[in-house]
Amino acid sequence: MICEFVWQDVVYRADLSHPVDLSIPLAADGQPNPSAWCVPPPSMTPVRGEGFVGSVIAGGSVNFRDIQFNPHGHGTHTECMGHITPVVHPVDPLFRNRPAFFPCAVITVQPQQLGGDWVVTPDALDAVAKLQWPPALVMRTLPNDPSKRTQDWSNTNPPYLTSDVTTQLANHGVQHLLIDLPSVDREVDGGRLEAHHAFWGVPDNPRPSCTITEMIYTPQNVSDGLWLLHLAVAPFVNDAAPSRPTLYPVSH
Ligand SMILES: [Zn+2]
């Protein structure tokens, strides 16, 4: 199915029959799963009660499992500024009866070595500046090894973004930032979360409708440039929720 959309007075065509799913599925039972922040693996446990077992293979009539997980620690999730504010603003209302398709730039960035860290610096955004600034940005960091889909990032000091980067994104009106790292900030930073604060303008110029999606995986065959993004977020009343960002190829 081809759909036309208009952005900045230009007509584009998106091919909805060729989705590229950027989400990493959240699995349990020892299946491969990414994680971060030292959280234990997710679990999916059949409910057991009086004469009831929520497992067909164990003799029950249905599979009926309790799930334990942490949206920030297990796989692809989308978070709003409620992540860093005293009030836990929920992410759900941002996508409830509101647009979820966004023109989206995909860029590939090489983190730079800074002391013992690897950081994404503002020059990484030069590639975006050649396009029009889009409402959504997917940042694919190098190396882009498929092991990102199953990586335990805990205590690895992953690459992160300087707050200059997220300040620029905010200044250019980027509403939705998607990255393949567990955080836009340094794993251990004394709780400052400067890149998060800069992106959401907390506390001085809050941007409550903006989101950060972490732990995506952008396949190698996705080219840099303009795509159409559909950002589907599970309806949790929480600062973050599992999500399924999907890219569609665009032409015009
Ligand atoms: Zn998070």
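The numbers here are math on the coordinates, done by the rules we state, and not lab data. Because the structure is a prediction, the values reported are computed rather than measured. All Cβ positions, even for glycine, are placed from backbone atoms using ideal geometry, and neighbour counts span all protein chains on display.
How big is D for the range 196-252, in µm² s⁻¹ as a whole number, if Stokes-Einstein is applied with the Kirkwood radius of its Cα pairs at 20 °C and 1.002 mPa s? Write out the running numbers ahead of the final one.
Working: Rh = 13.7 Å.
Calculated translational D: 156 µm²/s.
For the chain, which longest stretch is free of loop sites, where a loop site is one of the trypsin sites (Lys or Arg not before Pro) that DSSP puts outside H, G, I, E and B and that has at most 11 other Cβ atoms within 10 Å?
So the longest stretch without any such site is 1-95.
Picking from PRO46, PRO158, PRO19, which is most flexible by a Gaussian network model of the chain using Cα springs under 10 Å?
So, out of PRO46, PRO158, PRO19, the one fluctuating most is PRO46.
Pick out which of HIS72, HIS172, HIS83 has the largest mean-square fluctuation in a Gaussian network model of the chain, springs linking Cα atoms closer than 10 Å.
Among HIS72, HIS172, HIS83, the largest GNM mean-square fluctuation belongs to HIS172.
Of PRO182, ALA58, ALA105, whose Cα points farthest to the positive end of the dipole of the chain (charges on the beta-carbon: +1 Lys, Arg; -1 Asp, Glu; origin at the Cα centre)?
Of the listed residues, the answer is ALA58.
Across all directions of projection, what mean area in square nanometres is found for the Cα convex hull of the chain? Could you put the intermediate results ahead of the total?
Working: hull surface 63.8 nm².
Average projection, Cα convex hull of the chain: 16.0 nm².
Report the percentage of all Cα-Cα pairs in the range 133-218 whose separation exceeds 23 Å, rounded to a whole percent.
Details: 776 of 3655 pairs.
The answer is 21 percent, as a whole percent.
Return the whole-Å distance between the Cα centroid of the range 4-38 and the Cα centroid of the range 60-77.
Computed from Cα coordinates, the inter-centre distance equals 20 Å.
Mind telling me which of PHE102, PHE52, PHE236 comes out most flexible in a GNM of the chain, alpha-carbon contacts under 10 Å?
In the Gaussian network model the winner is PHE52.
Starting from the Kirkwood radius over alpha-carbon pairs of the range 104-248, derive D by Stokes-Einstein at 4 °C in a medium of 1.567 mPa s and give it in µm² s⁻¹.
Numbers: Rh = 15.5 Å.
Calculated translational D: 83 µm²/s.
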